[in-house]
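Asks: Got a structure for you, written out below as structure tokens; questions coming shortly.
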Amino acid sequence: MLFDLPPTPRAILEIISAGRFSCYLVGGCVRDMLLSRQPNDYDFVTDRSPGEIIAAAAEAGWKAWQHGISFGVVNVLVQEKNYEIATMRAESYGIDPHRPVKVEFLSDITVDLARRDFTINAMAMDRQGRIIDPFGGKEDLKKGIIRCVGIPRDRFLEDPLRIMRAARFMAMTDFTSEPGIADASADGEVRRRFTQLSVERVRNELEKILLAPFPSRGLRHLVETEVLALSCSIKKGGKRELVPILPEIAALQGVQQNPRFHAYDVLEHTLRSIDEIAPGAVLRWAALLHDAAKGRAEIRCLNKRGEPADYSHASVSARLAQTILVRLRVLREQALMVVWLVRNHMIPSDMNDRQMYRWIKQRARNFKNRKEFVDAARQLFLLADADNKARGRGADPAYIAAVSDCFQRVLAHTVLYTGELEIGGDYLAQKVGKGPLVGKILRDLLIDVQTGRLLNSKKELQAAVDKKAKRLALARANDD
């Protein structure tokens, strides 16, 4: 029996396996179906050659093209959705972990599955719904174990990125890993080959861990195996340079905090903060980095009670976050938002309306318009709420709700940007002429409105502009 397959994957299985050929669903989609999860995508392997795959697709009326020539991968477009169909193959690797030195096409599904990383990803399903599981993947799913196909060291030497993929699947499933995975991660040759990985591949895996349902499970594994302290590579001027991954986060392990407000060290608190936030790249990066500076010699001190304190950690953590995100080549737009969140995550809990007004004005300057600022503030409150919940001690459950209510109340009566003034640049241009002076006057009017010297009304603002225009005209006449 086939699982509850959508029509297109079912049709691909039937059409590609027609006649004397075979076709299988493989990898993550089979794993997800066995876990009663809806797969994100469906991948196929077949004993057809790439040319035969393209011919079968064309006969079915599907657009197809070869994507990875050396790997025998064909892309098939069906109803505007792309599917990958690969010819079954075996691979062997040399010194380059990015690509095999030899690829051999074949018709043995067991050999094709043997080249895969983990047993839970080394299963296939035929068009009758039969599961092909030569390495015990179904049993490992039941036991909740991430286990390599064959010897872990061999799999990691083939592609050392599998060190991070193990952590990613732990974060996806909340499974534990077989002991051999940690041992292979510590192998000297595996680690040497790991340094050859590009920073982009490593960052992508790291982001997948951050976005997974159980991110702390995967990140904790990377700390315990000291993978976060490893380096990967970037190319500059044709030369390869080493780039550290996240030693700053690994260094947070064992860093104690004020016991009146925290039950955990900084690392555990950080991991719990990430778990408290719904998946989203910006927020989870911010949760990962929000306390990155805690415990550093330049900010760690004792308060009046003799308890550990890190008073300026938000600003220093923001500088560290900037360095880390640039180093890992995170998208600039995302990085800017993460840094802003980290810098501002310490929101005072007892602000009155006047204090909130100043808080809003100071932070709104970093954004172009109200929508951008309100969205940023929403994310900031989510981060602060997760930070608060992850303390384990001293948390105030009403803290963020009270801050958010005060924010909304004050924001409703606050003019933040010149575009919100009840007067436009066209009126100013008529009175004082076009040019930079228009922008300056608008900014002056905004300050007058914010400080209460003027009301944000069209009549009052126009009157203020008229007075200013007369003074400017008089000054110009005197100059002449």
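Read the figures in this text as sums done on the coordinates, not as results from a lab. A quick note: this is a predicted structure, and the numbers were derived from the prediction, not measured. Here the Cβ positions follow ideal geometry from the backbone for every residue, glycine too, while neighbour counts run over all protein chains shown.
Asks: What percent does the relative contact order of the stretch 1-143 come to when contacts are Cα pairs within less than 8 Å and at least six residues apart?
Replies: This gives 24 percent for the stretch 1-143.
Asks: Under a point spin-label approximation (7 Å from Cα along Cα-to-Cβ), what is the Arg10-Ala278 distance to one decimal in nm?
Replies: 3.2
Asks: Oh, and also: In the chain, with Lys and Arg counted as +1 and Asp and Glu as -1 at Cβ, which of these residues, Ser49, Leu454, Met33, has the Cα nearest the positive end of the dipole, that is, farthest along it?
Replies: Farthest along the dipole direction, towards plus: Leu454.
Asks: Now for a separate question. Pick out, from Tyr357, Asn388, Phe261, the residue whose Cα sits farthest towards the positive end of the charge dipole of the stretch 256-411, with +1 on the Cβ of Lys and Arg and -1 on the Cβ of Asp and Glu.
Replies: Tyr357
Asks: Under the rule a/c < 1.5 gives rounded, and otherwise a/b versus b/c splits prolate from oblate, where does the chain land using the Cα gyration tensor?
Replies: Prolate.
Asks: Turning to a different aspect of this structure: Compute the length gained on full extension between Ser49 and Lys459: take 0.36 nm times their separation in residues and subtract their Cα-Cα distance, giving the result in nm to one decimal.
Replies: Numbers: separation 410, 0.36 × 410 = 147.60 nm, distance 7.67 nm.
Here the answer is 139.9 nm.
Asks: Between Glu241 and Arg130, what FRET efficiency comes out of the Förster formula 1/(1 + (r/R0)^6) with R0 = 45 Å and r the beta carbon distance, rounded to 0.05? Display every interim value, and only then the final one.
Replies: Working: r = 49 Å, r/R0 = 1.10.
The value I calculate is 0.35.
Asks: Can you tell me what share of the DSSP beta bridges in the chain is antiparallel? A percent to the nearest 5 is fine. Intermediate values should be presented prior to the final figure.
Replies: Details: 33 of 40 bridges.
If I count the DSSP bridges inside the chain, around 80 percent turn out antiparallel.
Asks: For the stretch 184-226, just say rounded, prolate or oblate: build the C-alpha gyration tensor, square-root its eigenvalues into a ≥ b ≥ c, call rounded for a/c under 1.5, and beyond that prolate if a/b exceeds b/c, oblate if not. Each step should come with its number before you reach the end.
Replies: Details: a/c = 3.77, a/b = 1.40, b/c = 2.69.
Verdict is oblate for the stretch 184-226.
Asks: Under the definition of Cα pairs under 8 Å and six or more residues apart, what whole-number percent is the relative contact order of the chain?
Replies: Contact order relative to length: 8 percent.
Asks: Same structure, new question: Can you give the relative contact order of the stretch 418-479 as a percent, counting alpha carbon pairs under 8 Å and 6+ residues apart?
Replies: 37
Asks: I need the calculated FRET efficiency for the pair Leu35 and Thr110, taking r as the beta carbon distance and R₀ as 22 Å, to the nearest 0.05.
Replies: Step by step, r from the Cβ atoms, then E = 0.45.
Asks: Please state the charge dipole magnitude for the stretch 45-200, taken about the Cα centre, from unit charges on C-beta atoms (+1 on K and R, -1 on D and E), reported in debye and rounded to the nearest 20. Intermediate values should be presented prior to the final figure.
Replies: On the way: 22 positive and 24 negative charges, 46 e Å.
Using Cβ point charges on Lys, Arg, Asp and Glu, the stretch 45-200 gives about 220 debye.
Asks: Report the gain in length on full extension from Ser404 to Tyr427: 0.36 nm times residue separation, minus Cα-Cα distance, nm rounded to one decimal.
Replies: Here the answer is 4.6 nm.
Asks: Sticking with this one: Report, in debye and to the nearest 20, how large the dipole of the chain comes out about its Cα centre when Lys and Arg carry +1 and Asp and Glu carry -1 on their Cβ. Before the final figure, lay out each step's value.
Replies: Values: 73 positive and 61 negative charges, 415 e Å.
The dipole of the chain has a size of about 2000 debye.
Asks: Helix-only estimate, please: 222 nm mean residue ellipticity of the chain, summing -39500 (n - 2.57) across DSSP H runs of length 4 or more and dividing by its residues, to the nearest 500.
Replies: Mean residue ellipticity at 222 nm (helix-derived): -15000 deg cm²/dmol.
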